[in-house]
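Values in this text are rule-based calculations from the coordinates and carry no lab data. If you're wondering where the values come from, they're calculated on a predicted model, not measured in any experiment. Cβ: placed from backbone, ideal geometry, glycine included. Neighbour counts: every protein chain shown.
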Amino acid sequence: MKLLVTTLLLASALAHSALASEAKAKSALLGAWTVDVSRLTMAPASRPKSVTITFSVDETNSLRTRVDVVDPIGKRLVADGVTPLDGAPTQVKSNFEADVSATIMPGPEVLIMQLGKNGIPASTRIYLVSPDGNSMVETVAYFAKDGKPILRKNYFSRIH
């Protein structure tokens, strides 16, 4: 019985790994995207001048996510991390948003990312690429300082 359970667990892990590799190889998510800052839900004076997010696959076949932000006064902020697509918590270089991330890609057009910083949940982000591959919506879920849940959407266009 133990052998059967072990075999089933191993087969499941291998299938998940193969699906993750296949999803990355065919993912519509890969490439560079820019946010439509005019649609951000913050006051216009507080909006960044630009936000670019780039998804790529690194040499270990993990997902690399790089976010470049130019804030309202022109300061450049960068977040860059590499995570496997198995949902395992992975340390990323500490930045303005996170120091740990977990990611899964349930399909080639969907990415789910959980971020944390200093041992505290930061946000959950769900990326969905449109069927034509030219636009993407990021749904961000987090809690306000008063404990109320917040959901917001950010709208991206493909750069390349």
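Quick notes on this structure:
- Karplus 3J(HN,Hα) series, Hz, for the range 95-111 with 6.51 cos²θ - 1.76 cosθ + 1.60 (x for Gly, Pro): 8, 5, 10, 7, 10, 8, 8, 9, 9, 9, 10, x, x, x, 10, 10, 10
- Here the 3J(HN,Hα) profile of the range 80-89, calculated from phi with Karplus coefficients 6.51, -1.76 and 1.60 at θ = phi - 60°, is 9, x, 10, 9, x, 9, 9, x, 6, x Hz, Gly and Pro shown as x.
- Nitroxide proxy distance, nm - points 7 Å out along Cα→Cβ at Lys153 and Thr139: 0.9 nm
- Pairwise label distance in nanometres, Ser38 with Arg76, each label 7 Å out on the Cα-Cβ vector: 2.6 nm
- Under Karplus coefficients 6.51, -1.76 and 1.60, residue-wise ³J(HN,Hα) of the range 39-46 in Hz, glycine/proline x: 9, 5, 7, 9, 4, x, 5, 8
- Computed label-point distance, nm, for sites Lys49 and Ala88 using a 7 Å Cα→Cβ extension: 4.0 nm
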